Amino acid sequence: MRSRGYRPLSLAFDTAATETHIVPEIIDDLGYSPRQGEAITSVSSAIGKEPGYMLRVTRFASLGFSFPDFAVHVHDLPDGIGIDGLLGLSFLRHFNYEVQSQEGRIRIDRITS
């Protein structure tokens, strides 16, 4: 197995996605295998039901924050949309955030318990 490394991703900030999703090609490139998956999952969308799986990556970082042993869901996305996945609520629930679409900004603060 290849060593798991760093890979920049293009993710959609998706508050309608319960989980954080990454396309299989990226997961494969990072050296993970479906055999490491913890559960078989599926995602329902307007275009149908997409099978996939959930696995934990060694480290997941986005928006300047990082989490170890982070669960991602691995599913195909429609061709041609130009993103590697969805940054969903499984990541975003750790923050207070404000989306300023007109300015092209996202303000984000880590929630401390």
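The values are calculated or read from the model by the stated rules, or taken from the named source; none is laboratory data. Worth saying up front: this structure is predicted, and the values here are computed from it rather than measured. When we count neighbours, we look across all protein chains shown, and the Cβ atoms used for this are built from the backbone with ideal geometry, even at glycine.
Restricting the range 27-54 to residues that are within 15 Å of G88 (Cβ to Cβ) and of a type outside the set (S, T, N, Q), the residue that is modelled with the highest pLDDT is M54.
Of the residues that sit in the range 13-58 and are assigned to a loop (DSSP other than H, G, I, E, B) and within 13 Å of the chain's Cα centre (by Cα), which one is farthest from G104 (Cα to Cα)?
Of the range 13-58, the ones assigned to a loop (DSSP other than H, G, I, E, B) are 14-20, 23, 30-33, 37-38, 46-47.
Retained after the next criterion (residues that are within 13 Å of the chain's Cα centre (by Cα)): 14-20, 23.
Details: D14: 15, T15: 16, A16: 19, A17: 20, T18: 23, E19: 23, T20: 21, V23: 25 Å.
Here the answer is V23.
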